[in-house]
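The values are calculated or read from the model by the stated rules, or taken from the named source; none is laboratory data. Model, not experiment: these values are computed from the prediction. Ideal geometry is used to build each Cβ from the backbone, glycine not excepted, and the neighbour counts take in all protein chains shown.
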Amino acid sequence: VSEERDGLVIVYTGDGKGKTTAALGIVVRALGRRLPVAVVQFVKGQRKTGEGLFAEGLAGLDFRTLGEGFTNRGPSPEVHAAAARAGWEEARELVSAGRHRVVVLDELTYVLNYGWVELAEVLAVLAARPRATTVVVTGRNAPQGLVDAADLVTEMRCVKHPYMRGVPALPGVDL
Ligand code: ATP
Ligand code: MG
């Protein structure tokens, strides 16, 4: 594809499974077309994810997770907030620089809903981004302002999930 089209703001939200994996589906498509991609994961789990392992040493994919402060145990709220802010500064630079055709901001809604990053600031960065850049935001409870600003919004609705009958996350499927 030689012609450079305008990118999109895409939001995957809702309480059903599939938000992050839908974003990763776009990542696969873009990488297949040799387009540069960045992924920033705002919630860092204890274990390595399949996507993180996939990204190791892969040219064209800039994959980042937040620092140690940003987990759901341990540090004080101030440490969480600072880690979230630092992550957002990195994300802002990635979106604004235009080096990547697709930038995924995984679980950004979490950071917004905690009030660690201002929605207005995120909307300003999205609005001012280079034209060809597609930004994919995932996470539950996307704020209305983000939904309004997006070109494409899909809400995953949980109909059934094995977690409901006590089945833990399955490597290769859930992480
Ligand atoms: P995935 O990364 O599998 O696409 P997701 O991004 O839609 O899921 P998150 O809210 O980020 O969902 O949570 C990720 C983890 O929580 C995954 O292990 C996923 O299977 C699990 N999960 C997602 N939705 C549900 C749900 N409705 N009930 C229980 N667990 C869920
Ligand atoms: Mg997710």
Total residues in the stretch 34-80, condition modelled with pLDDT of 90 or more and part of a loop (DSSP other than H, G, I, E, B): 8
Meets criteria (under 14 Å from the mean Cα position of the chain (by Cα), within 23 Å of E89 (Cβ to Cβ) and more than 16 Å from ligand 2 (Cβ to nearest atom)) for L126: yes
So V125, is it part of a helix (DSSP H, G or I), more than 16 Å from ligand 1 (Cβ to nearest atom) and closer than 18 Å to A23 by Cα: no
Qualifying residue in the stretch 2-15 (condition: touching a Lys or Arg at 6+ places or on another chain (Cβ under 9 Å), at pLDDT below 95, surrounded by fewer than 14 Cβ atoms within 10 Å (Cβ to Cβ) and assigned to a loop (DSSP other than H, G, I, E, B)): yes
For L146: the one exception among (1) assigned to a helix (DSSP H, G or I); (2) surrounded by fewer than 14 Cβ atoms within 10 Å (Cβ to Cβ): (2)
Residues of the stretch 104-119 satisfying the condition of being within 16 Å of ligand 2 (Cβ to nearest atom) and either among the hydroxyl-bearing types (S, T, Y) or outside any loop (DSSP other than H, G, I, E, B) (or both): V104, L105, D106, L108, T109, Y110, V111, L112, N113, Y114
Residue ID - surrounded by the fewest Cβ atoms within 10 Å (Cβ to Cβ), chosen from residues in the stretch 18-40 that are small (G, A, S) and within 12 Å of ligand 1 (Cβ to nearest atom): G25
Condition met for V135 (in contact (Cβ under 8 Å) with a residue 40 or more places away in the chain and of a type in the set (A, V, I, L, M, F, W, C)): yes
Tally of residues being over 21 Å from R131 (Cβ atoms), touching a strand residue (DSSP E or B) at 6+ places or on another chain (Cβ under 7 Å) and surrounded by fewer than 23 Cβ atoms within 10 Å (Cβ to Cβ) across the stretch 81-106: 1
In the stretch 16-31, residue farthest from V136 (Cα to Cα) [restricted to those that are in contact with a strand residue (DSSP E or B) (Cβ under 9 Å, 6 or more places away or on another chain) and part of a loop (DSSP other than H, G, I, E, B)]: G16
